[in-house]
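Reading through the structure tokens given below for one structure.
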Amino acid sequence: MENQMFWLQGDQNIHPILRGRRNADAVVVGGGFAGLNIALWLCRAGLRVILLEAETLGSGASSRCLGKVSLLGGVSYSHLERRHGREVAAAYGISQQNAFTAVRELAAQPGAQCGWMEEDDHLTAMSAEEERLFEEQQAMERAGVAARLERATQSPMPADCTLTMRDMALVHPMRYLRWLVLQGEKLGLKIFEHSRVIAMETNLALTERGSVLAPYIVVATGYPVVNTPGWYFLRLIQKQGWLMPLGGSAPFSGMYGDWHGRYVLRRLGKSMLMQVNGGRVGEKLLFDPAEHYKTHYAPYLDNAPATQLYGGIDTYSADGLPYIGPYGAKTPNMFVACGFGGRGIIGSMLAAQSISARVLGLTNEGDSIYSGQRRGEGMLAEQVEAGLSIAGHYLGSLRHFHAPYCPHMGCKLRYRPKERIWECPCHGSRFDDIGRIKNAPATRDAVIRYRRRG
């Protein structure tokens, strides 16, 4: 089930493949939440927009996310305060709340049918970690975000205390994505599927069968497919996680996730949906996700069976904040939106608001904390640490002498026989067992040569 989509929407339209040369005011690369949100906001600004998707709309992380829309989780406010100061934490809080409000207004529109359902969100911890939750609650309060620390918890999992945010929400990801498509197409958005971008210039996006010439380019793939400018391949990592629909009835209300980010649990109708998070793509799996659930979580959920397993990938930045804004210091007309760290629904709205404002010549001072060229002692230290980690994975991959190369930057691939997938330990590109690309940042298939035996 590693490569299948969990959230399916049967009435999706089939969009054509890009063929020949097209002209537009803006071209958006990537057909997930980020790409479609940005495209919609640019259409609302009056631009002629073309969106290019390598596979089908929402076939990446968007179809394997939990559907959680919350201000709780992700990079912590206490971490932002310690590393970057209270001003950065306050700017983060304001921008996140604005994005949440915009998602709610869009998803709750008449006719949207996105499954919008308000639920309380709970971050759980044991008594030894209560001080961490208290620090987080205080930092959130200073940033203008209201959360309550509660010692009485209804969590189905072992927990002594919770940090709770009222009136957060759940949404059906693919219905929400479909609503973005419908709203965009009403405003003239042109969408092309199976049109993987293989190269870009400052105002030109090239696919295998066509190209789009536009004064503005937005790269909204899960992992940026252009290495320079920006050097994002030194500042991003991809992590894997698994969605597990569970049998039985849900013995709780709301959403629950633990302080360490190991799992998130929500209701799905009368049943449950769980996300179990793993390590970095390309590294050896520390546990079998199905067995891990059965051993560590199922006993607290009346041994509800995990009926299926859906693997997904999320991209994380070095310091926890997404990268949103100009691709590089010298490319004011080329933008990037990535590194949402498993919070793509809110992150994509934040990107749409920020990038569309920049295209219109408007600026928001708080947006600078998401810039790909952001500065600060704490941010620089974290980015250097991430770069050294990636370099270490590259050198380590060279030991696998007979392994095939990743076409992205030449790292040696590693094979996962159970899933029949080749993975890049450096940047997270994935390929099937014969080398066909499944996940960015690679833009070409890998060459897989099997040696004859005997």
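Select from the range 199-227 the residues that are more than 13 Å from residue 31 (Cα to Cα), open to solvent by 10 Å² or more (accessible area, probe 1.4 Å) and within 21 Å of the chain's Cα centre (by Cα) and list them in ascending order.
225, 226, 227
Taking the conditions exactly as written (surrounded by fewer than 20 Cβ atoms within 10 Å (Cβ to Cβ), among the acidic types (Asp, Glu) and at positive phi), does residue 167 satisfy them or not? Full working, then the answer.
Numbers: surrounded by fewer than 20 Cβ atoms within 10 Å (Cβ to Cβ): yes; among the acidic types (Asp, Glu): yes; at positive phi: yes.
When the stated conditions are applied, residue 167 passes them.
Can you say whether residue 240 is closer than 30 Å to residue 372 by Cα, open to solvent by 20 Å² or more (accessible area, probe 1.4 Å) and not hydroxyl-bearing (Ser, Thr, Tyr), as far as the supplied structure shows?
Details: closer than 30 Å to residue 372 by Cα: yes; open to solvent by 20 Å² or more (accessible area, probe 1.4 Å): no; not hydroxyl-bearing (Ser, Thr, Tyr): yes.
No.
So, residue 323, is that one within 20 Å of residue 90 (Cα to Cα) and buried (at least 22 other Cβ atoms within 10 Å of the Cβ) or not? Write out each step before concluding.
Values: within 20 Å of residue 90 (Cα to Cα): yes; buried (at least 22 other Cβ atoms within 10 Å of the Cβ): yes.
So residue 323 fits the description; yes.
Here are some residues: 53, 81, 87. Which one is of a type in the set (D, E, K, R) and closer than 30 Å to residue 418 by Cβ? Walk me through it before giving the result.
Numbers: 81 fails: closer than 30 Å to residue 418 by Cβ; 87 fails: closer than 30 Å to residue 418 by Cβ.
Within the list 53, 81, 87, the selection yields 53.
What number of residues within the range 18-53 satisfy the criterion of being over 25 Å from the mean Cα position of the chain (by Cα) and closer than 12 Å to residue 192 by Cβ?
So the count comes out to 5.
Any idea which residue in the range 237-250 is modelled with the highest pLDDT, counting only those that are out of contact with any Gly (no Cβ under 6 Å at 6 or more places or on another chain) and of a type outside the set (A, V, I, L, M, F, W, C)?
Let us first name the residues in the range 237-250 that are out of contact with any Gly (no Cβ under 6 Å at 6 or more places or on another chain), namely 237, 239, 243-250.
From what is left, the residues that are of a type outside the set (A, V, I, L, M, F, W, C) are 239, 245, 247-249.
Details: 239: 90, 245: 94, 247: 88, 248: 85, 249: 88.
For the range 237-250, the residue satisfying everything is 245.
Please identify the pairs in which a residue from the range 6-20 that is loosely packed, with under 11 Cβ neighbours inside 10 Å has its Cβ atom under 9 Å from the Cβ atom of a residue that is acidic (Asp, Glu) and at pLDDT 85 or above, counting only partners at least 6 apart or on another chain.
That search, which allows pairs on different chains as well, returns 14/193.
Six or more apart or on different chains, Cβ under 6 Å: which pairs go from a residue in the range 73-84 that's over 20 Å from residue 345 (Cβ atoms) to one that's part of a helix (DSSP H, G or I) and open to solvent by 40 Å² or more (accessible area, probe 1.4 Å)? Could you list them?
Here the result reads 78/135, each pair linking the range 73-84 to a residue that is part of a helix (DSSP H, G or I) and open to solvent by 40 Å² or more (accessible area, probe 1.4 Å).
Tally time: how many residues in the range 61-114 are open to solvent by 30 Å² or more (accessible area, probe 1.4 Å), of a type in the set (S, T, N, Q) and more than 20 Å from the chain's Cα centre (by Cα)?
2
Consider the range 350-370. How many of its residues are closer than 15 Å to residue 45 by Cα, modelled with pLDDT under 90 and in a helix (DSSP H, G or I)?
Residues that pass the stated criteria total 0.
Can you find a residue in the range 159-175 that is in a loop (DSSP other than H, G, I, E, B) and among the acidic types (Asp, Glu)? Outline the logic, then answer.
Of the residues in the range 159-175, the ones in a loop (DSSP other than H, G, I, E, B) are 159-160, 171-172.
Filter again for among the acidic types (Asp, Glu), leaving 160.
Yes.
Given (1) open to solvent by less than 10 Å² (accessible area, probe 1.4 Å); (2) farther than 30 Å from residue 18 by Cβ; (3) touching a helix residue (DSSP H, G or I) at 6+ places or on another chain (Cβ under 9 Å), where does residue 180 come up short, assuming only one miss?
Of the numbered conditions (1) open to solvent by less than 10 Å² (accessible area, probe 1.4 Å); (2) farther than 30 Å from residue 18 by Cβ; (3) touching a helix residue (DSSP H, G or I) at 6+ places or on another chain (Cβ under 9 Å), the odd one out for residue 180 is (2).
Among what's in the range 251-291 and is of a type in the set (Phe, Trp, Tyr) and surrounded by 20 or more Cβ atoms within 10 Å (Cβ to Cβ), pick the residue that is modelled with the lowest pLDDT.
Residues of the range 251-291 that are of a type in the set (Phe, Trp, Tyr), as a first pass: 252, 256, 259, 263, 287.
If we keep only those that are surrounded by 20 or more Cβ atoms within 10 Å (Cβ to Cβ) too, we end up with 256, 259, 263.
On the way: 256: 95, 259: 90, 263: 94.
Among those that are of a type in the set (Phe, Trp, Tyr) and surrounded by 20 or more Cβ atoms within 10 Å (Cβ to Cβ), it is 259.
Could you list all residues from the range 134-183 that are acidic (Asp, Glu), farther than 30 Å from residue 34 by Cβ and in contact (Cβ under 8 Å) with a residue 40 or more places away in the chain?
135
The values are calculated or read from the model by the stated rules, or taken from the named source; none is laboratory data. Keep in mind the model is a prediction, meaning the values are calculated, not measured. Every residue, glycine among them, receives a Cβ derived from its backbone with ideal geometry; neighbour counts consider all protein chains shown. These accessible areas exclude ligands, DNA and RNA; they are computed on the full protein's heavy atoms, side chains included. Shrake-Rupley method; radii C 1.70, N 1.55, O 1.52, S 1.80 Å.
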